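One structure is given below, encoded as structure tokens.
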Amino acid sequence: MRAVMSSSGSVFVTDQDEPSGDGELITVSSAGICGSDLHLISSGLSGVILGHEFGGFTSDGQLVAVRPTGECGSCAQCTSGFPHTCHQAAASLHGTSINGGLAEFVRVESSRLVPVPGGTDPAAVGLVEPLAVVVHGINRVRLASGMSALVVGSGSIGLLTAAVLADRGINVDIVCRHPHQFDAAQKLGVNAVSKPGTNYDVSFDAVCTQESLDTCFNATRPRGDVIEFGMVWGSIQLKNQMMLKEISLVPSIFYSHNHEQNDFVDAVDMLVRHPELITTLVTHRFLLEESVQAFAVANDRQAGAIKVHIFTQM
């Protein structure tokens with residue numbers, strides 16, 4: 001089968017054996033390229049098939065999204081209902097620790113499969129994972145309809161965050177820099193701004209830099225919350241603005257999937273109810289054979305890409 005891997009900071013398409021062993025054999029329909037993929041590749045990631053935002057079809061034809069994280073099932077985190085913070089969550093992550101979805105086929109533990117209704121755009125399965133990240137981050141704080149929120153960053157995570165907040169009745173502003181980001185926000189029905197206001201109940205940092213974090217602290221009301229999404233790839237300083245206003249900094253990683261909350265299920269529901277998320281955010285589509293070009297577009301800030309998806313067939 002054809003698959004996408006990386007070495008020495010570059011990606012390439014290669015022939016690999018069809019996966020065998022335990023788990024459900026998934027015929028991949030599409031996979032998204034994440035910003036973390038670009039960071040890891042530039043840092044030297046190698047020896048694994050890429051792709052943690054993906055889905056496809058089971059042997060009986062069910063369209064599924066794949067939760068890429070695993071868990072041991074027996075540690076204190078797992079037994080307390082927080083398997084996403086298990087030591088195995090990242091250690092068994094598709095696309096970084098074990099083979100991922102940028103391939104024609106992949107084997108996946110059945111517990112990681114989330115059904116997607118038939119007739120859904122195949123591009124949707126690649127959006128479920130980042131949308132689940134967003135759902136989890138929003139659920140980390142208590143929000144009520146009518147509250148105000150700021151989103152700093154208008155890539156896919158930022159735009160998805162704004163869309164979910166609006167769906168929950170939150171008054172949301174999203175900071176945009178480029179024309180295609182303002183256009184996407186308008187299509188999603190969220191308020192795009194060049195500069196944030198002040199006194200927001202909660203702010204979401206979807207960039208994860210010193211500048212974006214400082215912007216969140218400055219814009220959030222005293223005793224409000226700042227949610228930090230994903231990984232911070234450089235050093236960050238916490239400044240006195242956070243202390244003087246007693247702002248709570250809340251980190252958010254991965255997604256919950258316990259008996260009380262399944263962020264992937266909620267993400268699928270959001271996509272089914274809002275198909276405009278797919279048509280608006282998936283700005284570039286490539287075939288698997290075109291993956292080198294796809295990664296180049298995803299890594300080019302001038303390309304106007306929000307989300308680049310790779311398909312086994314179109």
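Every number here is computed from the coordinates shown, using simple stated rules; none is lab data. Quantities reported herein were computed from a predicted structural model and do not represent experimental measurements. In this analysis, Cβ positions are derived from the backbone assuming ideal geometry, glycine residues included, and neighbour counts consider all displayed protein chains.
Once the Cβ-Cβ distance of VAL292 and GLN210 is raised to the sixth power relative to R0 = 30 Å, the FRET efficiency obtained is 0.40. Counted residue by residue at 0.36 nm each, then reduced by the alpha carbon distance between them, the extension gain from ARG221 to HIS87 reaches 44.8 nm. Taking every alpha-carbon pair within the chain, the share separated by more than 38 Å comes to 10 percent. Placing +1 on the Cβ of every Lys and Arg and -1 on the Cβ of every Asp and Glu, with nothing else charged, gives the chain a dipole about its Cα centre of roughly 960 debye. For the chain, adding -39500 (n - 2.57) for each run of n ≥ 4 DSSP H residues and dividing by the number of residues yields -8500 deg cm²/dmol at 222 nm.
The residues HIS257, HIS94, HIS274, when put in order of fewest to most other Cβ atoms within 10 Å, stand as HIS274, HIS257, HIS94. The stretch between GLN302 and SER74 holds 77.4 nm of extra length on full extension. This uses 0.36 nm per residue minus the Cα-Cα distance.
Computed from phi, the 3J(HN,Hα) profile of the stretch 93-98 under the Karplus parametrisation 6.51, -1.76, 1.60 (θ = phi - 60°) reads 7, 4, x, 10, 9, 10 Hz, with x in place of Gly and Pro. The ranking of CYS208, CYS216, CYS72, CYS86 from fewest to most other beta carbons within 10 Å of each one's beta carbon is CYS72, CYS208, CYS86, CYS216. Taking a straight Cα-Cα cut-off under 23 Å and skipping sequence neighbours fewer than 8 places away in the same chain, the lysines within cross-link reach of LYS245 are LYS195. Note on the stretch 198-253: Cα Rg divided by 2.2 N^0.38 Å, N the number of residues, gives 1.00.
Just so you know, the Rg over Rh for the stretch 1-63 is 1.00, from Cα atoms, with Rh as the Kirkwood radius. Relative contact order, whole percent, for the chain stands at 19, derived from Cα pairs under 8 Å and 6 or more residues apart. When the Cα positions of PRO122, GLY197, ASN139 are compared along the charge dipole of the chain, GLY197 comes out farthest toward the positive end, with charges on each C-beta of Lys, Arg, Asp and Glu. Potential lengthening of the chain between ARG285 and LEU244 amounts to 10.1 nm, from the contour at 0.36 nm per residue minus the alpha-carbon distance.
Diffusion coefficient of the stretch 57-156 by Stokes-Einstein, Kirkwood radius over Cα pairs, 4 °C, 1.567 mPa s: 82 µm²/s.
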